[in-house]
Amino acid sequence: RAILHGELRGDDVIVVSNREPYIHQRRGERIEVQQPASGLVTALEPIMRACSGTWIAHGSGSADREVVDRHDCVGVPPENPAYKIRRVWLSAEEEAGYYYGFANEGLWPLCHIAHVRPIFRSSDWAHYVAVNRKFARSVVAEARTKNPIVLVQDYHLALLPRMIRKEMPEATVITFWHIPWPNPESFAICPWRQEILAGMLGSSILGFHTQFHCNNFVDTVDRFMEARVDRENFTVSFGGKSTAVRRYPISVDWPPDPALLAKPVEQCAADMRALNNFPAGHRFCIGVDRLDYTKGILERFRAVERLLELNPEWIGKFSLIQVAAPTRSSIDEYQSHEAQVRALAIRINERFGRGGRDLPLPIVLKVEHHDAGQVYEYYRAADCCFVSSLHDGMNLVAKEFVAARDDERGVLILSQFTGAARELPEALIVNPYDTDQCAAALHLALTMPVDEQRNRMRLMRGLVAEFNVYRWAGRMLLDAASMRQRSHLVETGG
Ligand code: GDG
């Protein structure tokens with residue numbers, strides 16, 4: 001945190017993302033403030049608290065524009081304002097085309113290997129371009145200097161870096177891509193591949209979670225752009241501008257907010273058992289995800305089914321609690337995925353459920369948003385946490401579970417297709433498509449001796465403590481600072 005304060009003192013810092021870090025909504029006479037379920041917000045919020053800047057975001061959750069107009073530009077967090085949000089308002093058509101359409105039906109499945117076909121409509125693309133322009137205008141309007149540091153977040157804003165550069169050539173634009181970058185063959189199907197790449201190459205620094213994603217990006221540029229690629233230094237020169245492509249693995253706040261760890265683990269376990277009508281000694285695994293087809297929730301349920309087939313001694317003695325936050329629900333693919341998740345839970349529960357006896361069900365599906373305190377209670381109470389993403393840039397749930405376990409107990413089962421798997425080899429690493437392997441991992445987790453749990457958890461906690469979210473942002477900002485210093489020296493002939 002000290003580095004962040006030091007690095008950013010006096011600088012003009014602007015974060016731009018689609019997602020707003022706080023949602024202001026009217027409840028009767030009151031304005032209620034909520035935090036959305038998003039990895040991006042979880043990661044950036046502590047950074048913005050540490051440096052007072054401006055966060056420009058689409059006022060998506062703050063739906064009632066008339067009512068929240070006075071929250072157009074508002075200090076947050078509400079209890080102790082540390083930075084401000086500037087909202088960009090979009091029409092329903094713009095939101096449908098830019099956000100649901102091009103970003104989430106096009107780029108999201110394009111970048112994740114989840115075998116869902118991307119949909120590219122030229123009308124969505126037109127909105128995507130127009131909305132990126134709208135964000136660019138807002139950045140220019142909010143900048144206090146001619147050379148701000150602008151942190152552009154994610155695949156919704158791929159065109160923004162070049163647009164900002166055009167208006168403010170001296171700005172330092174750091175773009176972070178929170179999702180994977182695919183190989184050139186996969187990316188090639190995007191009809192606007194050149195425009196997307198050119199847009200991103202307006203960045204001074206372009207960050208991904210893993211070196212593998214950096215390699216894929218540079219290979220893609222090499223294949224499709226008239227650009228000079230320097231593989232030794234991992235820089236790309238395009239249109240007279242050089243972009244450094246770097247790996248910055250994202251992480252979580254450390255130490256975690258003490259309020260999230262205040263309730264003793266035993267108390268969390270007792271409360272969660274009472275809440276779910278589990279008898280004493282009942283064991284459970286936790287899954288926490290947005291209800292997204294990339295997260296492998298169906299594969300996780302199948303693993304539970306297989307566990308109960310292979311190890312019937314767990315029937316009635318083990319449950320998976322799946323916290324599934326609703327997301328992008330107006331998209332067909334998401335509606336059909338939710339229906340499949342609900343149907344599979346019912347089928348497995350019918351197969352291994354009560355059968356006349358009053359036993360807990362194997363799958364407890366909670367399709368609703370939980371507050372962060374509840375999510376942490378589940379993490380602290382669970383015997384294990386199962387992250388089974390089919391493909392995931394990083395996955396913060398894995399790191400949050402580790403951060404939550406100050407008792408050094410609990411087992412993490414982690415998909416090999418997450419960025420997190422590269423940093424947490426002490427987890428039980430699984431292929432979510434391999435149901436037998438996942439079922440075996442669940443059995444192993446439930447029978448793992450305490451000493452082994454402690455050894456693994458201690459190593460993972462050491463990693464997350466050191467490579468926390470401040471390190472993620474700090475390294476990006478240090479790289480930006482040295483870049484700014486170098487260009488200053490060149491300008492002044494120093
Ligand atoms: C993208 C990338 C990358 C979930 N349900 C609830 C809730 N959550 C919180 C979790 C966690 C966050 O949402 C999810 O973060 P992930 O990293 O797992 O996934 P994405 O949202 O897909 O994030 C991902 C991330 O960006 C950061 O770069 O790691 O790879 O896909 O913090 O706890 N939080 C609350 N209630 C819920 O019901 N409060």
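What follows draws every value from the coordinates through simple rules; no lab data is involved. Note that this is a predicted model, so its numbers are computed, not measured. As a convention, Cβ positions derive from the backbone with ideal geometry for all residues, glycine included, and neighbour counts pool all protein chains shown.
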Computed ³J(HN,Hα) along the stretch 329-334: with the Karplus parameters 6.51/-1.76/1.60, θ = phi - 60°, integer Hz and x for glycine or proline, the list is 5, 7, 8, 3, 4, 6
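Report the calculated FRET efficiency for ALA262 and GLU226 (r = Cβ-Cβ distance, R0 = 60 Å), to the nearest 0.05.
Values: r = 57 Å, r/R0 = 0.95.
For ALA262 and GLU226, the calculated efficiency is 0.60.
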If unit charges are put on Cβ atoms (+1 for Lys and Arg, -1 for Asp and Glu) and the dipole of the stretch 389-494 is taken about its Cα centre, the option from SER415, GLY474, THR447 lying farthest towards the positive end turns out to be GLY474
Output ordering of 140-152, 233-245 (per-residue mean of other Cβ within 10 Å, highest first) is 140-152, 233-245
Taking Cα atoms only, helix 469-492 is inclined relative to the longest principal axis of the chain by an angle, in degrees rounded to 10, of 10
Rounded to whole angstrom, the alpha-carbon centroid of the stretch 222-263 lies from that of the stretch 122-159 at a distance of 18
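Using Cβ contacts closer than 10 Å as the measure, can you line up HIS156, HIS370 from fewest to most?
On the way: HIS156 24, HIS370 16.
Taking fewest neighbouring Cβ atoms as first place, the list is HIS370, HIS156.
How high is the FRET efficiency between ALA274 and THR492 when r is their beta carbon distance and R₀ equals 60 Å, given to the nearest 0.05?
Values: r = 67 Å, r/R0 = 1.12.
Computed FRET efficiency for ALA274 and THR492 comes out at 0.35.
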Going residue by residue through the stretch 244-259, the Karplus relation 6.51 cos²θ - 1.76 cosθ + 1.60 with θ = phi - 60° gives ³J(HN,Hα) values, rounded to whole Hz and with x marking Gly or Pro, of 8, 9, 9, 9, 10, x, 6, 8, 10, 4, 9, x, x, 3, x, 4
Taking 432-444, 100-112 and ranking on average Cβ neighbours within 10 Å, highest first, one gets 100-112, 432-444
The equivalent-ellipsoid semi-axes of the chain, taken as the square roots of five times the Cα gyration tensor eigenvalues and listed largest first in whole Å, are 39, 24, 23
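Take the eigenvalues of the Cα gyration tensor for the stretch 366-494, scale each by 5, and report the square roots as semi-axes in whole Å, largest first.
Details: eigenvalues 259, 52, 46 Å².
So the three semi-axes of the stretch 366-494 are 36, 16, 15 Å.
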Tilt, helix 211-224 to longest principal axis of the chain (alpha-carbon atoms), in degrees rounded to tens, equals 50
From fewest to most C-beta neighbours within 10 Å, the residues TYR248, TYR470 line up as TYR470, TYR248
Placing +1 on each Lys and Arg Cβ and -1 on each Asp and Glu Cβ in the chain, then taking the dipole about the Cα centre, the residue among LEU459, TYR379, GLY199 whose Cα reaches farthest towards the positive end is GLY199
Given unit charges at Cβ for Lys, Arg (+) and Asp, Glu (-), the dipole magnitude of the stretch 275-410 about its Cα centre in debye, nearest 20, is 340
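Under a point-charge model restricted to the Cβ atoms of Lys and Arg (+1) and Asp and Glu (-1), what is the dipole moment magnitude of the stretch 275-337 relative to its Cα centre, in debye to the nearest 20?
On the way: 8 positive and 8 negative charges, 42 e Å.
Rounded to the nearest 20 debye, it is 200 debye.
Considering Cα pairs under 8 angstrom that are at least six residues apart, work out the relative contact order of the stretch 221-323 and quote it in whole percent.
Values: 65 pairs, mean separation 19.4, N = 103.
Computed value for the stretch 221-323: 19 percent relative contact order.
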Non-local residues with an amide H under 5 Å from the amide H of ALA82, with H modelled 1.01 Å from N and Pro and chain starts lacking one, are VAL76
Extension length gain for GLN340 and ASN455 (0.36 nm per residue less Cα distance), in nm, is 37.6 nm
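Determine the sum of side-chain charges near VAL252: Lys and Arg each +1, Asp and Glu each -1, restricted to other residues whose C-beta is under 13 angstrom from that of VAL252.
Local net charge: -2.
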Sorted largest first, the C-alpha extents of the stretch 163-243 along its principal axes in whole angstrom are 34, 26, 24
Residues whose built amide H sits under 5 Å from the amide H of ILE315, excluding neighbours closer than 5 in sequence, are none
Restricted to the chain, the DSSP antiparallel beta bridge percent, nearest 5, is 25
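Quick check for me: using +1 on Lys/Arg Cβ and -1 on Asp/Glu Cβ, what's the dipole size of the chain about its Cα centre, in debye to the nearest 20? Don't jump to the answer; show the numbers that get you there.
On the way: 58 positive and 61 negative charges, 102 e Å.
Charge dipole, the chain, about its Cα centre: 500 debye, nearest 20.
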Between the Cα axis of helix 297-310 and the main Cα principal axis of the chain, the angle (0 to 90°, nearest 10) is 20
Quick calc: nm separation of the 7 Å Cα→Cβ label points for ALA92 and LEU444 -> 5.1
Karplus ³J(HN,Hα) for the stretch 40-57 (6.51 cos²θ - 1.76 cosθ + 1.60, θ = phi - 60°; Hz, whole; x = Gly/Pro) runs 4, 5, 3, 7, 8, 4, x, 5, 5, 5, 6, 10, 7, x, 10, 10, 9, 8
Note to self, the chain gives a 222 nm [θ] from helices alone (DSSP H runs n ≥ 4, -39500 (n - 2.57) apiece, / all residues, nearest 500) of -12500 deg cm²/dmol
Checking rank on 391-404, 42-55, with mean other Cβ inside 10 Å and highest first, the result is 391-404, 42-55
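With a cut-off of 8 Å between alpha carbons and a minimum separation of six or more residues, what is the relative contact order of the chain in percent? Don't skip to the answer; put the middle values down first.
Working: 933 pairs, mean separation 64.8, N = 494.
13 percent.
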Once amide hydrogens are built 1.01 Å from N within the peptide plane, the residues lying 5 or more places from HIS178 or on another chain with amide H under 5 Å from its amide H are ASP154, TYR155
